[in-house]
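Presented below is the structure to which this report refers.
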């Protein structure tokens, strides 16, 4: 962990993992819904993205908005400044591909963007913050819902029952479990060729997918990285509690957000146990 939220801090924490990105590298971020302004800025991430010679990857949304189709989404990534720093791939522009999920309770496959198969390594670069449905969004959400195609997002939100919409009647724990299961599909597919980074700034209770996110009510915390996504998201949750971030804590508890980590641990996505090393 570093408290230095800067280009230098981000590069340093990636390098501290001692797990070099090789081959054709994808950098998964959230492009951010227009109207929102808390997504990770191109200026912050540019040195890391370029250091790994990365392509920024995204997929279209399943809930309308300005990122629900490829043409509109490409306009958003350009307006938000991402095309100025690296190539951007909307991975489900040409459809989707299925990857298996082993040990899932709700999902047996994850429908991800079709061009995901073109990448050898993933830098999962997430903005840790709240989320209206999941309670919080970190690296697990970033590679489950984030890497899923539009149809795949619906499959996750509905716990495997729908490929359109976002499962409005799905029991909350079933949705959270499905999110962890989809993340496991991606993690298993990539094997050792993935690293996880959470940037804990602009800690709104709302996600970057929200066009009108609430103003953060707590201070920025830092940047954390790991080779274990469950441990990383757990550490970030614990830091929110330690900082007494009341609004974000209420958001997480009201959505039973910790269950994503409980299920992720139980299915082998990672472990909730960790050692926090400060840089």
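Bear in mind these aren't lab numbers, they're just calculated from the coordinates by the rules spelled out. Remember, it's a predicted structure, so these values are computed and weren't measured experimentally. We place every Cβ from the backbone using ideal geometry, glycine too, and count neighbours over all the protein chains shown.
Under a no-solvent Debye model with one identical scatterer per Cα of segment 161-222, what's log10 I(q)/I(0) at q = 0.29 Å⁻¹?
Computed log10 I(q)/I(0) values: -1.09.
Hey, what did segment 7-266 get for relative contact order, percent, Cα under 8 Å, at least 6 apart?
On the way: 587 pairs, mean separation 56.4, N = 260.
This gives 22 percent for segment 7-266.
What order, most packed first, do the peptides 1-9, 75-83, 111-119 have when packing is the mean number of other Cβ atoms within 10 Å of each residue?
On the way: 1-9: 15.1, 75-83: 16.8, 111-119: 20.7.
The packing order, highest mean first, is 111-119, 75-83, 1-9.
Starting from the 7 Å offset along Cα-to-Cβ, what nm value, one decimal, do you get for the label separation of residue 244 and residue 212?
Output for this residue pair reads 3.1 nm.
Could you work out [θ]222 nm for the chain from helices alone, using -39500 (n - 2.57) per DSSP H run of at least four and dividing by all its residues? Round to the nearest 500 deg cm²/dmol.
That comes out to -10000 deg cm²/dmol.
Can you match semi-axes √(5λ) of the Cα gyration tensor in Å to one of these, (1) 30, 24, 16; (2) 23, 22, 19; (3) 32, 19, 18, based on a calculation from the structure here?
Here semi-axes √(5λ) of the Cα gyration tensor in Å agrees with entry (2).
Need one number: % antiparallel among DSSP beta bridges in the chain, to the nearest 5. Don't jump to the answer; show the numbers that get you there.
Details: 15 of 32 bridges.
In the chain, DSSP labels about 45 percent of beta bridges as antiparallel.
What is the spin-label model distance, in nm, from residue 108 to residue 193 if the labels are put 7 Å beyond Cα along the C-beta direction?
Inter-label distance under the simple model: 2.7 nm.
Measure off 7 Å from each Cα along the Cα-to-Cβ vector at residue 254 and residue 271, then give the distance between these two points in nanometres to one decimal.
So the two model labels end up 3.5 nm from each other.
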